[in-house]
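Chemist: To start, I am sharing the structure in question, which I have written as structure tokens.
The values are calculated or read from the model by the stated rules, or taken from the named source; none is laboratory data. This one's a predicted model, so the numbers in the text were calculated from it and none came from an experiment. FYI the Cβ positions are ideal-geometry reconstructions off the backbone, even for glycines, and counts take in every protein chain you see.
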Amino acid sequence: MTRPSLLDNLRIEPREAQVFEITRRLLDFLLSGRVAPGSKIPSERQLAEALGVGRSAVREAIKSLSFLGLLQIRQGDGTYLARSGSNLLPQAIEWAMLLGEPRVLDLTETRRYIEIDVAGLAAERADDEGVALLREQLEAMRAAGDDVEAYVRADVAFHLQIAALSRNEVFADLVTSLRSLLGAWAHRVLQHAGETGTSLAMHEPIADAIAAHDVDAARAAMAAHMDRAQRRLREALAAHGAGADPAAR
């Protein structure tokens, strides 16, 4: 039987770990744009045929993705890709982090350019009240000390506050959509480094530049922070392997 063209190139080699690899292939397929959010995905039988595996393995992979909220299983009707919205991208990012996908580094590179522009706009447009809230998040990071969980929460809030100060809804939505990546990235880097003080020192010049409405300094400080964090992420991935849960480090 001829496989549907929609499902071409999904077949995997028998030697590959089936459920893990099937889940990875399905994730790539679902995020490729070939299936519209809210639409029905191919049946288990079609997917199993395209992948060259048994239906039970496909069923397990679908259950995993439905647990993460990427798929919705409707009894008697089929399985649907979750509708687009604020939850889809963060969930996909979290799953990519767990799988150790190469796209993680692509996403962090994308985040770098977004955050630099956002910091510049925040420096230009921030008001005193917004700067005060940013300072509060910085102090929360300082108060967290080496408590990575508390530090990461404050770190994410710090970056989200900068996005709010940009007064650009599109940028703010992008940073908000990347919030899971912010947390997962910070966890992986900080737990590899074993301390938070160096990270805090990279955030202070960002807050100072935004408070001073110095656009160039804000962009430069954010670029330095992003570059250093990205280097440390690569080190953490190399040291521990990309496939482990960053929260478990």
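Chemist: Please work out which residue is farthest from the chain's Cα centre (by Cα), limiting yourself to segment 23-60 and to residues that are small (G, A, S) and under 11 Å from T79 (Cβ atoms). Please lay out each step first, then the result.
Modeler: Taking segment 23-60 and keeping what is small (G, A, S), we get 32-33, 36, 38-39, 43, 48, 50, 52, 54, 56-57.
Then keep just the ones that are under 11 Å from T79 (Cβ atoms); that gives 39, 43.
Values: S39: 23, S43: 28 Å.
So, considering only residues that are small (G, A, S) and under 11 Å from T79 (Cβ atoms), the one farthest from the chain's Cα centre (by Cα) is S43.
Chemist: Moving to a separate point now. Evaluate segment 189-199: report whether one residue or more is part of a helix (DSSP H, G or I), surrounded by fewer than 21 Cβ atoms within 10 Å (Cβ to Cβ) and either under 15 Å from the mean Cα position of the chain (by Cα) or at pLDDT 95 or above (or both). Walk me through how you get there before you give the answer.
Modeler: First, pick out the residues of segment 189-199 that are part of a helix (DSSP H, G or I): 189-193, 197-199.
Still in the running and surrounded by fewer than 21 Cβ atoms within 10 Å (Cβ to Cβ): 191-193, 197-199.
Going one step further and asking which of them are either under 15 Å from the mean Cα position of the chain (by Cα) or at pLDDT 95 or above (or both), we end up with none.
Taking every residue of segment 189-199 in turn, none turns out to be part of a helix (DSSP H, G or I), surrounded by fewer than 21 Cβ atoms within 10 Å (Cβ to Cβ) and either under 15 Å from the mean Cα position of the chain (by Cα) or at pLDDT 95 or above (or both).
Chemist: Restricting segment 39-58 to residues that are basic (K, R) and more than 18 Å from A82 (Cβ to Cβ), which is modelled with the highest pLDDT? Don't jump to the end; show me each part of the working.
Modeler: Start the filter on segment 39-58 by keeping residues that are basic (K, R), which leaves 40, 45, 55.
Subset that is more than 18 Å from A82 (Cβ to Cβ): 45, 55.
On the way: R45: 93, R55: 90.
Only one residue tops the list, namely R45.
Chemist: So the check is Cβ under 6 Å with 6+ separation or different chains; which pairs have a first residue in segment 149-173 that's without any contact (Cβ under 8 Å) to a residue 60 or more places away in the chain and a second one that's crowded, with 19+ Cβ neighbours inside 10 Å and hydroxyl-bearing (S, T, Y)?
Modeler: Y151/T196
Chemist: Please specify each residue of segment 70-89 satisfying the condition of being modelled with pLDDT under 85 and part of a loop (DSSP other than H, G, I, E, B).
Modeler: Matches in segment 70-89: L70, A82, R83, S84, G85, S86, N87.
Chemist: Within segment 215-235, how many residues are under 22 Å from D127 (Cβ atoms) and surrounded by fewer than 17 Cβ atoms within 10 Å (Cβ to Cβ)?
Modeler: Here the count works out to 1.
Chemist: Which one of A132, A163, A140, A150 is out of contact with any strand residue (DSSP E or B) (no Cβ under 8 Å at 6 or more places or on another chain), in the same structural domain as A209 (by TED's automatic domain parsing) and buried (at least 18 other Cβ atoms within 10 Å of the Cβ)?
Modeler: Details: A132 fails: buried (at least 18 other Cβ atoms within 10 Å of the Cβ); A140 fails: buried (at least 18 other Cβ atoms within 10 Å of the Cβ); A150 fails: buried (at least 18 other Cβ atoms within 10 Å of the Cβ).
Sole residue among the options that is out of contact with any strand residue (DSSP E or B) (no Cβ under 8 Å at 6 or more places or on another chain), in the same structural domain as A209 (by TED's automatic domain parsing) and buried (at least 18 other Cβ atoms within 10 Å of the Cβ): A163.
Chemist: Same structure, new question: Against the definition (among the β-branched types (V, I, T), more than 18 Å from the chain's Cα centre (by Cα), at pLDDT 90 or above and part of a helix (DSSP H, G or I)), how does I206 come out, yes or no?
Modeler: On the way: among the β-branched types (V, I, T): yes; more than 18 Å from the chain's Cα centre (by Cα): yes; at pLDDT 90 or above: yes; part of a helix (DSSP H, G or I): yes.
Yes; evaluated as a whole, the condition is true for this residue.
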